[in-house]
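First the structure, in the form of C-alpha cells, and then the observations on it.
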Amino acid sequence: MREGSLVTAAADEDLAAGFDATIAAGDRIEPRDWMPEGYRKTLVRQIAQHAHSEIIGMQPEGNWITRAPSLRRKAILLAKVQDEAGHGLYLYSACETLGVSRRDLMEQLISGAQKYSSIFNYPTLSYADVGTIGWLVDGAAICNQVPLCRTSYGPYGRAMIRICKEESFHQRQGYELLATMMRGTDEQRAMVQESVDRFWKPALMMFGPPDADSPNTQQSMDWGIKRHTNDELRARFIEMSAPQAAALGVTLPGNDLDWDEFWRIVKGGGPCNAQRIAHRKKAHDDGAWVREAATAYARSPR
Ligand SMILES: [Fe+2]
Ligand SMILES: [Fe+2]
C-alpha cells in the first residue's frame, strides 16, 4: 500500500469517528460536516419524498378552492394550500444542502423515480374531505413529524419546527370544519361519516409499512434520522384520534389495513396517481418562463 492511501484511510476513520460521536451525543450534523454516503442518500430520499408530498398534497384540496361553500371557507382553504407550498420550499431547500439540485428533484418526481405519500392519490369527493384531510391527514403528518424536529440532520430538523406549527393549525381548521358540519343537518353528518370512512385507513398507511416490512428503519434510527418505528407512530395516532372521533360523534372504521392496496398505490396504481403527476408536470412546464425570467434577472447587472 502506498503511504498516501494509508494517510487517507486514517483520515477517513477520524471523520467517521467524529460523525459517530456527534450522533451519539445527540448533536446535529450540518451540511459542512463529513457524513457517510448512506446517511446522505437516505436523507435525500426521505426529504425529497417529504417535499414532494407537500406540493402534491396541494392538489386534492386545491380541487375545492373554487367551490368552497363560503368566502370564509375559501380564505381558510387558500391559506392552507399556500402553507403546503411553503413547506415544500423549506424542504427542497433542506434537500439542496445535501448536494442535489431542485431541477433534479423535480425531474425525479415527474418520472416517478422518487415517491410521495400514497394518501394524495385518493380523490376528494365532497367538501367534508377538506375537513377530514385537515383532521386526519395533517394529524398523521404531525404525529410523524414532531419527532423529526429532533432529527440528526440540522437543516431538516429546523425546517420541521416551523412546518409542525403550521400543520397543527391545519389540523385544528379541519377539526373545526367537521365539528361545524356535525352540528348541521343529517345530510351533513352523513357526509362527514362517509368521508372519514374513506380516509381513515389510508391515513393509517401514511406511517409506512409494518415494522417487519420496513428493513431500513433500524439503520435510520441508529443514525438518529428516525426516532420511532412506523408501528409505534401508527399506534400513537390511533390512540390520539379515538377521543377526538368520540367528541365529533363519528365512528372510526377498523384498523385492519390492506397492504396490497398500499403497495399497488405506491407503485402507481392508485385512483389519482397519473392525474397528480400530469398536473404537476403541466404546472412545471407552464412555469418555465418564470424560472427563465428569474434567472435572467439574477444575472442582470444592477
Ligand atoms: Fe404541510
Ligand atoms: Fe398541512
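The values are calculated or read from the model by the stated rules, or taken from the named source; none is laboratory data. It should be emphasised that the depicted structure is a prediction, and the values quoted were computed from it without experimental measurement. We place every Cβ from the backbone using ideal geometry, glycine too, and count neighbours over all the protein chains shown. Just the protein is used for accessible areas: all its heavy atoms, side chains included, with ligands, DNA and RNA removed. Shrake-Rupley method; radii C 1.70, N 1.55, O 1.52, S 1.80 Å.
Below, the figures for the structure above:
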{"quantity": "Listing of helices (runs of 4 or more DSSP H) fully contained in the stretch 1-120 that carry 1 or more residues being at pLDDT 95 or above, within 20 Å of residue 137 (Cα to Cα) and β-branched (Val, Ile, Thr)", "calculated": "37-56, 71-96"}
{"quantity": "Selection within the stretch 59-105 - away from ligand 1 (no atom under 16 Å from the Cβ), among the hydroxyl-bearing types (Ser, Thr, Tyr) and in contact with a Pro (Cβ under 8 Å, 6 or more places away or on another chain)", "calculated": "97"}
{"quantity": "Residue 207 being farther than 30 Å from residue 36 by Cα, crowded, with 18+ Cβ neighbours inside 10 Å and under 25 Å from the mean Cα position of the chain (by Cα)", "calculated": "no"}
{"quantity": "Test set (1) at negative phi; (2) open to solvent by less than 70 Å² (accessible area, probe 1.4 Å) - residue 224 fails condition number", "calculated": "(1)"}
{"quantity": "Single residue of the stretch 121-143 satisfying the filter (under 15 Å from the mean Cα position of the chain (by Cα) and among the small types (Gly, Ala, Ser)) that is nearest to ligand 1 (Cβ to nearest atom)", "calculated": "141"}
{"quantity": "Among the candidates 242, 203, 159, residue that is more than 16 Å from ligand 1 (Cβ to nearest atom) and either part of a helix (DSSP H, G or I) or not basic (Lys, Arg) (or both)", "calculated": "242"}
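Residues are listed down the side, and each one gets a yes or a no for (1) open to solvent by less than 10 Å² (accessible area, probe 1.4 Å); (2) in contact (Cβ under 8 Å) with a residue 24 or more places away in the chain; (3) not hydroxyl-bearing (Ser, Thr, Tyr):
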{"position": "117", "(1), (2), (3)": "no, yes, no"}
{"position": "132", "(1), (2), (3)": "yes, yes, no"}
{"position": "135", "(1), (2), (3)": "yes, yes, yes"}
{"position": "146", "(1), (2), (3)": "no, no, yes"}
{"position": "153", "(1), (2), (3)": "yes, yes, no"}
{"position": "167", "(1), (2), (3)": "yes, yes, yes"}
{"position": "171", "(1), (2), (3)": "no, yes, yes"}
{"position": "174", "(1), (2), (3)": "yes, yes, yes"}
{"position": "179", "(1), (2), (3)": "no, yes, yes"}
